[in-house]
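A short write-up of the structure that comes next.
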Amino acid sequence: MRKCCGLLFVLLISCSPRGTFLRVNSVQVEPFFQLELDEKILVNIPQDVNQKDYNTFLAAIPIIVKQRGFREVWDTDEYEMELRAGDIADFTLERNIKRLYEHLGVYYFLDVAIVSRKPFRYGSLSSQLEYREQNNPGFVRTRGLGSETDHRVITRYTLYRTDQVLKLAEVIMESTHLQDNTLDQRVIQREVQEFFNLISVRGG
């Protein structure tokens, strides 16, 4: 019985609506540079999100950055004490980005920020159809009816070279995420992969 329940749970999860990478909205990449993979890189995990989304960013981004071959990948969660010791907190200040290099030997800084977020909502008609589907097994919903909206998020990825506070790349991407209005880890990973792919094509 437990095995059947577990299998049903897995099937429900696998069939549930997932997020989708939609598009790259803008790309700015400095020409003729190549990433020095033997250098340290720090990933700034967005702070202005709930704990679940914070954990999604934390689980998604560093692992993809490591897969690019960097010798050492830091993030603002795991290395919080080192950042505090260097009096580095506000990354909107150029002097703090430069301190990453001067105090901690971090050569690259990847700043991740949510630009805008549109939550998922059911319209009244869509809610009625959803109710009928759940309570009437014979009810067939016509595709295209309803007024539900996507959980759509626009995210900006910015890479700096810290010794000169030089912006090497800035890419803004748009994706849909989960219908419970949380972030889809696989979509975040896809965006980070796309970010580094664009750098490799346009930078070097």
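Just to be sure, is V201 crowded, with 18+ Cβ neighbours inside 10 Å and either at pLDDT 95 or above or among the hydrophobic types (A, V, I, L, M, F, W, C) (or both)? Talk me through it step by step, then tell me what you get.
Values: crowded, with 18+ Cβ neighbours inside 10 Å: no; either at pLDDT 95 or above or among the hydrophobic types (A, V, I, L, M, F, W, C) (or both): yes.
So V201 does not fit the description; no.
Conditions first: (1) buried (at least 18 other Cβ atoms within 10 Å of the Cβ); (2) at pLDDT below 95. R143 passes all but one, so which condition is the exception?
The single condition R143 does not satisfy is (1).
Restricting attention to segment 68-94, which residues are closer than 20 Å to N55 by Cβ and not polar (S, T, N, Q)? Break it down into steps so the answer makes sense when it comes.
Within segment 68-94, the first condition is being closer than 20 Å to N55 by Cβ, and the residues that meet it are 73-81, 83.
Answer for segment 68-94, where residues must be closer than 20 Å to N55 by Cβ and not polar (S, T, N, Q): V73, W74, D75, D77, E78, Y79, E80, M81, L83.
What number goes with the only condition from (1) modelled with pLDDT of 95 or more; (2) over 19 Å from I154 (Cα atoms) that F57 does not pass?
(2)
Among the residues of segment 20-28, are any among the charged types (D, E, K, R), open to solvent by 80 Å² or more (accessible area, probe 1.4 Å) and either closer than 17 Å to Q185 by Cα or at pLDDT 90 or above (or both)? Reasoning before the result, please.
Taking segment 20-28 first, the residues among the charged types (D, E, K, R) are 23.
Subset that is open to solvent by 80 Å² or more (accessible area, probe 1.4 Å): 23.
Now drop any that are not either closer than 17 Å to Q185 by Cα or at pLDDT 90 or above (or both), which leaves 23.
Yes, that holds for at least one residue.
Kindly indicate whether L178 is of a type outside the set (K, R) and not in a strand (DSSP E or B). Can you show your working first?
Working: of a type outside the set (K, R): yes; not in a strand (DSSP E or B): yes.
So L178 fits the description; yes.
The values are calculated or read from the model by the stated rules, or taken from the named source; none is laboratory data. If you're wondering where the values come from, they're calculated on a predicted model, not measured in any experiment. Quick reminder, even Gly has a Cβ in these numbers, built from the backbone with ideal geometry, and neighbours come from all protein chains shown. All accessible areas refer to the heavy atoms of the entire protein, side chains included, with ligands and DNA or RNA removed. Shrake-Rupley method; radii C 1.70, N 1.55, O 1.52, S 1.80 Å.
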